[in-house]
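Colleague: Starting off with a structure, shown below.
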Amino acid sequence: MPFSPIESPFFKEFKKRLRDNIKSLNDNFTHIIQAAKVNTDDNAFKNQTGKMTEFYTTKNEMAVRAQLMVRASDELLKLTTDLKEFLILHDFHFLTHNIKQAEAQCEETFRQQSHMHNSLDSDVNNLLQDLETEIGENFFLRHA
């Protein structure tokens, strides 16, 4: 039975890794955008400590979320490399099938071209033979 990479348990793992990393990127990006919003509540800024506390909290949250996005991006790059490696190592049946299919198509094209060449060659030979016969019958030289 031919091996199919789609039926592999590795494929399910790859899909899970892809979903998790994309979700992490989206969630962290959304939270960074939300943290970047300006707070218009004046009660939170009545004293300088409240402003600085919120500033450092927001700054640290954004830094952590940006790092999580970098980690998710690195994981996606690693996933891409793993997928390429997996396909190279496990997809020989697919490659062999494609090569055999291309060879069969090439042989069929060659057979058709060869048949067409032989047909044209036969037609040209028949025309030449008819021409020689016509010339021989109508344009022979008579000696007086």
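Colleague: Any idea which residue in the stretch 45-63 is nearest to ASN21 (Cα to Cα), counting only those that are exposed (fewer than 12 other Cβ atoms within 10 Å of the Cβ) and modelled with pLDDT of 85 or more?
Modeller: Ranking the qualifying residues of the stretch 45-63, first place goes to ALA63.
Colleague: In addition: In this structure, does MET62 turn out to be in contact with a Ser or Thr (Cβ under 8 Å, 6 or more places away or on another chain) and assigned to a helix (DSSP H, G or I)?
Modeller: No, not satisfied.
Colleague: I've got another one for you. Restricting to the stretch 72-122, what's the tally of residues that are more than 30 Å from PHE14 (Cα to Cα) and polar (S, T, N, Q)?
Modeller: 8
The values are calculated or read from the model by the stated rules, or taken from the named source; none is laboratory data. Everything numeric in this text was worked out from a predicted model, so none of it was measured. No Cβ is skipped: glycine too gets one built from the backbone with ideal geometry, and neighbour counts run over all protein chains shown.
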